[in-house]
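Enquirer: Here's a structure for you.
The values are calculated or read from the model by the stated rules, or taken from the named source; none is laboratory data. As the structure is a computational prediction, the values presented were derived from the model and not from experiment. So basically every Cβ, Gly included, is an ideal-geometry build from the backbone, and we count neighbours across all protein chains shown. The accessibility values were calculated without ligands, DNA or RNA, using every heavy atom of the protein model including side chains. Shrake-Rupley method; radii C 1.70, N 1.55, O 1.52, S 1.80 Å.
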Amino acid sequence: MRPALASLLRRTTVAATPAVLLILSACISTAGRAPAPGTTSSSAPAARAAATDGDRSAVRAPDARMERFVDSVLAGLTLEEKLGQLTQYRGQWGLTGPQTPEAGAADIRAGSVGSFLGVVGAAVTREMQRVAVEEARAKIPLLFAHDVVHGFRTIFPVPLAEASSWDPAAVQRAARIAAAEGAANGLHWTFAPMVDIARDPRWGRVVEGSGEDPLHGSVMAAARVRGYQGNDLRDSLALIASVKHFVGYGAAEGGRDYNTTDIPMRTLREIYLPPFHAAVNAGARSVMASFNDIDGVPMHANRALIDGVLRDRWGWDGILVSDYTGVMELLNHGIGATPPPSDAWRSMQGSMWTW
């Protein structure tokens, strides 16, 4: 993960330092892992059981030199700067949720923001990077993220329609073109693909996924990840893929978005987890948590699935990002009695990057 993200430095339009890698270290929690829930049913197909039973194919060999560098950068940051690296603000458009503040040059100079959503364009991103690496104390480059879902300048069919082609090679090519266009406009990171299995047509976000079959969804998930990220994230026209929404978001009761879910453990393992596992094995370097709960535990604070399955069993070490206002909404789930930062801390214990 860390060597791959180092490639972002080569893609900024101004001189930058590899300190952007501290984001990854700050996001990865190594203490207090909870055991994963349940055990795989003996009657489950082997391919599905592998989704949560110790397949650590996503594990990457550590780079000792990079580890030392990241540690040295972290040691030089204040607590406020570390929190800033874990904070993503929106730009001047693209609002999809409430009460998220905008950030400007003063916030960048103060080190209180590490990434932006919805800021695109070579000129504006260049200027913001200049402020970050020349005027901020830590001189850490920014990350720019956007929802590049089915095209950027060139618009392709919606993901459900692409999946209906049964042509993963074509789907991968479409994601590759979208990534190239987005990266040329200053982006590093897309909040796609959505790999949620959905079997209730009343749920409006069915259109963003690949339908109801976990095998087909897994194939399409892997194709889109390879398309967005290319063969190497050092490619100047690659984007980090953020696989969403982990996990069970498509099982919202009554097809009502944000609603609770009722997912038996076997169904979770055999239906909802496999596309995420396929995406991780294809190299996805980011995963987004979902708004829903599993067995009464909201996913934004679900250590058993985030740490127990995603990180420990699968060995994934990438960027875990919250969905829009997902940490704040822990209050609505009733697991926090006071506003943040108490809830933010609870989520951080699950290795979450908040925005």
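Enquirer: In segment 49-69, what residues are surrounded by 15 or more Cβ atoms within 10 Å (Cβ to Cβ) and modelled with pLDDT of 90 or more?
Expert: Phe69
Enquirer: Please go through segment 220-271 and give me each residue that is free of Cβ contacts under 8 Å to residues at least 24 places away in the same chain and within 21 Å of Val309 (Cβ to Cβ), ordered by number.
Expert: Asp262, Pro264, Thr267
Enquirer: Let me ask something else. Output the number of residues of segment 163-191 satisfying the condition of being basic (Lys, Arg) and surrounded by 17 or more Cβ atoms within 10 Å (Cβ to Cβ). Spell out the reasoning first.
Expert: Just the residues of segment 163-191 that are basic (Lys, Arg), to begin with: 173, 176.
Filter again for surrounded by 17 or more Cβ atoms within 10 Å (Cβ to Cβ), leaving 176.
Residues that pass the stated criteria total 1.
Enquirer: Being touching a helix residue (DSSP H, G or I) at 6+ places or on another chain (Cβ under 8 Å), modelled with pLDDT under 95 and crowded, with 19+ Cβ neighbours inside 10 Å narrows it down to one of Met194, Met128, so name that one.
Expert: Numbers: Met194 fails: modelled with pLDDT under 95.
The match here is Met128.
Enquirer: Follow-up. Scan segment 144-162 residue by residue and report those that are surrounded by fewer than 23 Cβ atoms within 10 Å (Cβ to Cβ) and either of a type in the set (Gly, Ala, Ser) or part of a strand (DSSP E or B) (or both).
Expert: Gly151, Ile155, Ala161
Enquirer: Shifting gears a bit: Taking the options Glu80, Glu102, name whichever one is more than 30 Å from Gly217 (Cα to Cα) and modelled with pLDDT under 70. Break it down into steps so the answer makes sense when it comes.
Expert: On the way: Glu80 fails: modelled with pLDDT under 70.
So the residue among Glu80, Glu102 that is more than 30 Å from Gly217 (Cα to Cα) and modelled with pLDDT under 70 is Glu102.
Enquirer: Quick one: how many residues across segment 299-339 are modelled with pLDDT of 95 or more, open to solvent by less than 10 Å² (accessible area, probe 1.4 Å) and more than 16 Å from the chain's Cα centre (by Cα)?
Expert: The number of residues fulfilling the criteria is 1.
Enquirer: Among the residues of segment 211-233, count how many are crowded, with 16+ Cβ neighbours inside 10 Å and either within 22 Å of Val321 (Cα to Cα) or among the basic types (Lys, Arg) (or both).
Expert: Residues flagged as crowded, with 16+ Cβ neighbours inside 10 Å and either within 22 Å of Val321 (Cα to Cα) or among the basic types (Lys, Arg) (or both) within segment 211-233 amount to 14.
Enquirer: Quick check on my filter: what residues within segment 247-280 are open to solvent by 40 Å² or more (accessible area, probe 1.4 Å) and among the β-branched types (Val, Ile, Thr)? So that I can check it myself, show each step before the final result.
Expert: Step one: list which residues in segment 247-280 are open to solvent by 40 Å² or more (accessible area, probe 1.4 Å), which gives 253, 256-258, 260, 262, 264-267.
Answer for segment 247-280, where residues must be open to solvent by 40 Å² or more (accessible area, probe 1.4 Å) and among the β-branched types (Val, Ile, Thr): Thr260, Thr267.
Enquirer: Just to check your reading of the model, which residue among Ile271, Ile263 is touching a helix residue (DSSP H, G or I) at 6+ places or on another chain (Cβ under 8 Å), modelled with pLDDT of 95 or more and either polar (S, T, N, Q) or part of a helix (DSSP H, G or I) (or both)?
Expert: Working: Ile263 fails: either polar (S, T, N, Q) or part of a helix (DSSP H, G or I) (or both).
The unique qualifying residue is Ile271.
Enquirer: A further question on this structure: Which ones in segment 181-194 are hydrophobic (A, V, I, L, M, F, W, C) and under 20 Å from Pro141 (Cα atoms)? So that I can check it myself, show each step before the final result.
Expert: Start the filter on segment 181-194 by keeping residues that are hydrophobic (A, V, I, L, M, F, W, C), which leaves 183-184, 187, 189, 191-192, 194.
Selection gives Ala183, Ala184, Leu187, Trp189, Phe191.
Enquirer: Only one of these is of a type in the set (Gly, Ala, Ser) and more than 26 Å from His146 (Cβ to Cβ): Gly283, Gly255. Name it. Give the steps one after another, and end with the answer.
Expert: Numbers: Gly283 fails: more than 26 Å from His146 (Cβ to Cβ).
After ruling out the rest, the residue left standing is Gly255.
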